[in-house]
1. Under 7 Å between Cβ atoms, at least 6 apart or on separate chains: pull out the pairs that start in segment 102-117 with a residue that is free of Cβ contacts under 8 Å to residues at least 60 places away in the same chain and end on any residue that is of a type in the set (Asp, Glu) and open to solvent by 20 Å² or more (accessible area, probe 1.4 Å).
2. Sort out which residues of segment 343-380 are in contact with a strand residue (DSSP E or B) (Cβ under 9 Å, 6 or more places away or on another chain), assigned to a helix (DSSP H, G or I) and open to solvent by less than 30 Å² (accessible area, probe 1.4 Å), and write them in order of number.
3. Is there a residue in segment 358-378 that is more than 29 Å from the chain's Cα centre (by Cα) and within 20 Å of residue 465 (Cβ to Cβ)?
4. Quick check on segment 422-468: of everything there that is over 13 Å from residue 379 (Cβ atoms) and among the small types (Gly, Ala, Ser), which residue is surrounded by the most Cβ atoms within 10 Å (Cβ to Cβ)?
5. List the pairs whose first member sits in segment 266-284 and is within 11 Å of residue 154 (Cβ to Cβ) and open to solvent by 60 Å² or more (accessible area, probe 1.4 Å), whose second member is outside any helix (DSSP H, G or I) and not β-branched (Val, Ile, Thr), and whose Cβ atoms are under 7 Å apart, counting only residues at least 6 apart or on separate chains?
6. Can you tell me how many residues within segment 207-255 are assigned to a loop (DSSP other than H, G, I, E, B) and either outside the structural domain of residue 194 (by the TED database) or open to solvent by 30 Å² or more (accessible area, probe 1.4 Å) (or both)?
7. What do you reckon, is residue 74 touching a residue at least 24 places away in the same chain (Cβ under 8 Å), open to solvent by 20 Å² or more (accessible area, probe 1.4 Å) and among the polar types (S, T, N, Q)?
Amino acid sequence: IAKEVAKLLEMKAQLGGDEGKHKFVLKTPKGTRDYSPKQMAIRERVFNAIITCFKRHGAEVIDTPVFELKETLTGKYGEDSKLIYDLKDQGGELLSLRYDLTVPFARYLAMNKITNIKRYHIAKVYRRDNPAMTRGRYREFYQCDFDIAGQFDPMIPDAECLKIVHEILSDLQLGDFLIKVNDRRILDGMFAVCGVPDSKFRTICSSVDKLDKMPWEEVRSEMVGEKGLSPEAADHIGEYVQLHGGLDLIEQLLQDPKLSQNKLAKEGLGDMKLLFEYLTLFGITGKISFDLSLARGLDYYTGVIFEAVLLQPENDHVEEPVSVGSVAGGGRYDGLVGMFDPKGRKVPCVGVSIGIERIFSILEQRASEEKIRTTETQVLVASAQKKLLEERLKLISELWNAGIKAEVLYKKNPKLLNQLQYCEDTGIPLVAIVGEQELKDGVVKLRVVATREEVNVRRESLVEEIRMRTSRP
């Protein structure tokens, strides 16, 4: 089809017409979007909250290229690999756009022989998905990742990752949320005791992962119908994956005659118990649920996995609050760095990714009513009479040099009313007015836009006065 379309376009170009005028299709590519100043203001606020949290926990920051060698990304994502964007061959290298920030991080660790780092990375990633823009699913979107790499005692870094998710979601005030936790070893142990053949673990895992979007009946028929699992094994899995709870459930499963016999499941449950003890010390277990249906489709997880979902408030018709969708996810991936290391040296890692786009669309909907400032200008330098452009430029230069955020209207003789109106429209809190009399007296008239109160300030004290009046309480 693409070839035929190209031929037709070529013929059309040869025919000419429209007097050589080219009509552009004015749209962004499917699954991408532009951000207006208002949207960017909200977005920056969210980024700042997230970065502040990452820094509070002692993380360093790194960056990696937006594309990687294709082989770096191949085989790391399970069934999602079909969503990787491949680029055309350039100079003999087969490249793909990065799909997430975790695999590039593992490549970075192996390449630089790093065995110990706590880092965050905020950058765009790319997925050749069928985008559902309304639900915050895009082909190009930001990820905000925090990871701890290194050999440590079990579950201490894992507990910190969950604490970070709790801090960020509480700080952004998105409403009620729940962090679901499970462990790949518990899942694999459960699959084994339910009679799932080893070769089907991963593919059955990605079916279980759909339980938050599909009812159990549909997931079961996918397992049996499409993936060839025996109905008995599927029913057996069904008994487990519908369980969720806290420490009590962990204790109950540790006593489970089948699961407790499985080495993997037993290890996973032991660590899960330890994790819940640490989360109790952090005081956040109220928002954490040990959930056996949580699977997370990615192939590289080896231990604890978790996902945070926002809950819609309960209403009269629904007993349990419903999930609006995932806003953060992560887990432990102890084998990924070893895949890249020539000697296969392993670096244990655990990390979390904050789903900024979903968070952002929620805050954006909320902000549609409020007036949001898109600049940080503290003061407009204005004049009340004509022929004072030079004085305005001199004063604004002094303010800029002192680090004050200031603007001036780009007209020689703007009317005072227009200058004040500009402040109203853009939310600038102060106006510094220069006039002939003020110049003689060595003062500047400072006007507070909201209250219209005016004070004369000595020119040498102006910077201090502006700082004092605009510093956030």
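The values are calculated or read from the model by the stated rules, or taken from the named source; none is laboratory data. Quantities reported herein were computed from a predicted structural model and do not represent experimental measurements. Quick reminder, even Gly has a Cβ in these numbers, built from the backbone with ideal geometry, and neighbours come from all protein chains shown. When the accessible area is computed, the model is the full protein with side chains, heavy atoms only, and any ligands, DNA or RNA have been set aside. Shrake-Rupley method; radii C 1.70, N 1.55, O 1.52, S 1.80 Å.
1. Every condition considered, the pairs that remain are 117/60.
2. To start, the set of residues in segment 343-380 that are in contact with a strand residue (DSSP E or B) (Cβ under 9 Å, 6 or more places away or on another chain) comprises 347-360, 362, 375, 377-380.
Now drop any that are not assigned to a helix (DSSP H, G or I), which leaves 356-360, 362.
Listed by number, the residues that qualify are 356, 357, 359, 360.
3. We begin by selecting, within segment 358-378, every residue more than 29 Å from the chain's Cα centre (by Cα); these are 378.
Narrowing further to those that are within 20 Å of residue 465 (Cβ to Cβ): 378.
Within segment 358-378, one or more residues are more than 29 Å from the chain's Cα centre (by Cα) and within 20 Å of residue 465 (Cβ to Cβ).
4. Ranking the qualifying residues of segment 422-468, first place goes to 435.
5. 278/155
6. Residues of segment 207-255 assigned to a loop (DSSP other than H, G, I, E, B): 213-215, 227-230, 242-243, 246, 255.
Okay, now just the ones that are also either outside the structural domain of residue 194 (by the TED database) or open to solvent by 30 Å² or more (accessible area, probe 1.4 Å) (or both), so 213-215, 227-228, 230, 242-243, 255.
Selection size over segment 207-255: 9.
7. Numbers: touching a residue at least 24 places away in the same chain (Cβ under 8 Å): no; open to solvent by 20 Å² or more (accessible area, probe 1.4 Å): yes; among the polar types (S, T, N, Q): yes.
Taking the combined requirement at face value, the residue does not satisfy it.
Residues checked against (1) outside any loop (DSSP other than H, G, I, E, B); (2) surrounded by 18 or more Cβ atoms within 10 Å (Cβ to Cβ); (3) in the same structural domain as residue 283 (by the TED database):
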| site | (1), (2), (3) |
| --- | --- |
| 82 | yes, no, yes |
| 88 | no, no, yes |
| 115 | no, no, yes |
| 119 | yes, yes, yes |
| 128 | no, no, yes |
| 158 | yes, yes, yes |
| 168 | yes, yes, yes |
